[in-house]
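Chemist: Dumping the structure here so I can ask a few things about it.
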Amino acid sequence: MKQLFEENFIGQLDHDWIWVHEQSTAWKVADGVLHLRTLPGTLWGEANNAHNFLLRTVEEMSNGLVSRVTVTSHPRLMGEQAGLIWYLDDDNYIKLVKESLDGSQWIVLAREQDGQPELIDKTRISVESAELQFALLGGVVHGQFRTSPTEDWRTVGECPLLDGANPKIGLFTHGGPQDLERWVELRNFALLNIE
C-alpha cells in the first residue's frame with residue numbers, strides 16, 4: 001500500500017485544497033480535526049444549495065486509488081449527513097456518508113449523474129464515529145466503512161466511476177438545521193493506492 005497524501009488537520013490546510021461554495025464562518029481546523037458545521041441545503045436532485053465542499057485534485061483516477069476519512073457526527077434531521085465525495089460538479093458526484101434517515105443513522109452510498117440522483121445502498125449503524133473509504137477497483141467505486149481500526153472493511157455498495165474528467169476528491173456535509181449549530185468532526189484524511 002502506497003500513501004499518496006495525508007491531511008492530519010494540524011495548523012493550516014495543505015495548499016492544494018480548494019473550497020467550493022465556501023462559507024468561511026462554518027469551518028475551522030483545530031487539534032487534528034476539521035470541524036464543519038452542517039449547514040442547511042443539499043446537492044440531491046435539483047436544489048444544489050449546499051455549502052463547504054473541501055476538495056482536491058488527483059493526477060489520475062487509477063486502479064487501486066483509495067480515499068478515506070474518519071467521521072464523528074450526530075445527525076438528526078432527515079438527510080443530515082457528512083463524509084466523502086468524488087465530485088465533478090453539483091450534478092455529477094458519488095458520495096459515501098454517515099446520514100440520518102427515518103430516525104436512524106446509516107452509512108449511505110449514493111451518486112448523481114447528469115442531475116439524476118440514485119441511492120446505491122445503505123447499512124444501518126449505531127455509533128457516533130465511523131471510518132469511511134472509497135476504493136476504485138477495476139473501474140468500479142466501492143463504498144466501505146468500519147467502526148474500529150481493528151475491524152475489516154465492510155462494503156455498503158459499489159457503482160461505476162463517473163463519466164467525464166477526473167473528479168475532485170474531498171469532504172463535505174449538508175442537510176443541517178437552520179437555527180441550530182451542529183458540527184461534524186473529520187479526521188485523518190488520506191489518499192492511498194492499495195495495488
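The values are calculated or read from the model by the stated rules, or taken from the named source; none is laboratory data. If you're wondering where the values come from, they're calculated on a predicted model, not measured in any experiment. For neighbour counting, all protein chains shown are included, and Cβ atoms are generated from backbone atoms with ideal geometry for every residue, glycine included. When the accessible area is computed, the model is the full protein with side chains, heavy atoms only, and any ligands, DNA or RNA have been set aside. Shrake-Rupley method; radii C 1.70, N 1.55, O 1.52, S 1.80 Å.
Chemist: Residue under question is N48, and the condition is that it be of a type in the set (S, T, N, Q), assigned to a loop (DSSP other than H, G, I, E, B) and within 15 Å of V141 (Cα to Cα); does it hold?
Modeler: No: the conditions fail for N48.
Chemist: Based on what the data block shows, is P177 in contact with a Leu (Cβ under 8 Å, 6 or more places away or on another chain) and farther than 22 Å from S62 by Cβ?
Modeler: Criteria met by P177.
Chemist: Check whether at least one residue in segment 136-153 is modelled with pLDDT of 95 or more, closer than 24 Å to R37 by Cβ, in a strand (DSSP E or B) and basic (K, R), and report yes or no.
Modeler: No, the conditions are met nowhere in segment 136-153.
Chemist: Right, next: Return the only residue of S67, S24 being without any contact (Cβ under 8 Å) to a residue 24 or more places away in the chain and hydroxyl-bearing (S, T, Y).
Modeler: S24
Chemist: Looking at (1) touching a residue at least 12 places away in the same chain (Cβ under 8 Å); (2) over 13 Å from the mean Cα position of the chain (by Cα), which is the one condition that is false for G170?
Modeler: Every listed condition holds for G170 apart from (2).
Chemist: Another question about this same structure. Output the residues belonging to segment 28-83 that are acidic (D, E) and either open to solvent by less than 20 Å² (accessible area, probe 1.4 Å) or touching a helix residue (DSSP H, G or I) at 6+ places or on another chain (Cβ under 8 Å) (or both).
Modeler: Scanning segment 28-83 gives a single hit, E80.
Chemist: Going residue by residue through segment 159-167, is there one that turns out to be out of contact with any strand residue (DSSP E or B) (no Cβ under 6 Å at 6 or more places or on another chain) and surrounded by 12 or more Cβ atoms within 10 Å (Cβ to Cβ)?
Modeler: Yes.
Chemist: When you scan segment 123-136, do you find a residue that is crowded, with 17+ Cβ neighbours inside 10 Å, under 16 Å from the mean Cα position of the chain (by Cα) and acidic (D, E), even just one?
Modeler: yes
Chemist: Across segment 24-45, what is the total count of residues that are outside any loop (DSSP other than H, G, I, E, B) and under 22 Å from P160 (Cβ atoms)?
Modeler: The total comes to 0.
Chemist: For segment 3-23, give me the residue count where each residue is closer than 28 Å to E195 by Cα, assigned to a loop (DSSP other than H, G, I, E, B) and not aromatic (F, W, Y).
Modeler: Matching residues across segment 3-23 total 5.
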